[in-house]
Amino acid sequence: MNIRFAEERDVSKIMFFIKELAEYEKMSDEVVATEEMLRCEIFEKKNAEVIFALDENGREVGFALFFTTFSTFLGRSGIHLEDLYVLPEERGNGYGKALLKYLAQLCTERGCGRLEWTCLNWNTPSLDFYRALGAETMDEWTSLRVSGEALLKLAQN
């Protein structure tokens, strides 16, 4: 399995995978990102990184977008996997596992304390896949989010 980091010329491929993932998750109407936004955030500001899984012909068949976090309890950084997606026709060929393995290796190389991500509760195939790789669900934690109007309102208070 070949994995490579995305380059600025890959912005349209990144956008393609984001839209594919959103469609799979039935959240296409929530995608407001543009290629220019991705170019700025990923390649100029360096707020995230992207890797691609490549098939034997060098075609991108999966991607992972991730960024650095920090754990006060561990006193070390970590990696948060924001998105992982493999094309439907390529699932079951080991690309998802290869992407996660690469991120785990990256964590150890960078001295990170953990690799973490979230998964939609209804996505049983993915949850089963992650658990089979040794991932634990953090049932005692609840993910929270403030966005849109609520974010603006909170910022004003």
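The values are calculated or read from the model by the stated rules, or taken from the named source; none is laboratory data. Please read these numbers as outputs of a predicted model, since none were measured by experiment. Note that each Cβ is placed from the backbone with ideal geometry, even for glycine, and that neighbours are counted across all protein chains shown. Heads up: the accessible areas ignore ligands, DNA and RNA and are worked out on the full protein's heavy atoms, side chains in. Shrake-Rupley method; radii C 1.70, N 1.55, O 1.52, S 1.80 Å.
Observations, loosely collected:
- For segment 44-75, filtering for residues that are under 24 Å from residue 114 (Cα atoms) and either without any contact (Cβ under 8 Å) to a residue 40 or more places away in the chain or not hydrophobic (A, V, I, L, M, F, W, C) (or both) leaves 16.
- Taken over segment 11-44, the criterion of being in a loop (DSSP other than H, G, I, E, B), surrounded by fewer than 12 Cβ atoms within 10 Å (Cβ to Cβ) and at negative phi is satisfied by 27, 32, 34.
- Output for segment 8-27, where each listed residue is charged (D, E, K, R) and either in contact (Cβ under 8 Å) with a residue 40 or more places away in the chain or closer than 14 Å to residue 62 by Cα (or both): 10, 13, 19, 20, 25
- Residue 90 being surrounded by 10 or more Cβ atoms within 10 Å (Cβ to Cβ) and more than 16 Å from the chain's Cα centre (by Cα): yes
- Tally of residues being assigned to a helix (DSSP H, G or I), of a type outside the set (Phe, Trp, Tyr) and within 19 Å of residue 59 (Cα to Cα) across segment 88-108: 8
- If only residues of segment 109-142 that are under 24 Å from residue 86 (Cα atoms), among the β-branched types (Val, Ile, Thr) and part of a loop (DSSP other than H, G, I, E, B) are counted, the one that is least open to solvent (accessible area, probe 1.4 Å) is 137.
- Residue 145 being open to solvent by 100 Å² or more (accessible area, probe 1.4 Å) and closer than 22 Å to residue 51 by Cα: no
- Only a single criterion out of (1) closer than 22 Å to residue 1 by Cβ; (2) of a type in the set (S, T, N, Q); (3) surrounded by fewer than 15 Cβ atoms within 10 Å (Cβ to Cβ) is not satisfied by residue 47, namely (1).
- Restricting segment 50-87 to residues that are open to solvent by less than 30 Å² (accessible area, probe 1.4 Å) and either small (Gly, Ala, Ser) or not in a strand (DSSP E or B) (or both), the residue that is nearest to residue 23 (Cα to Cα): 87
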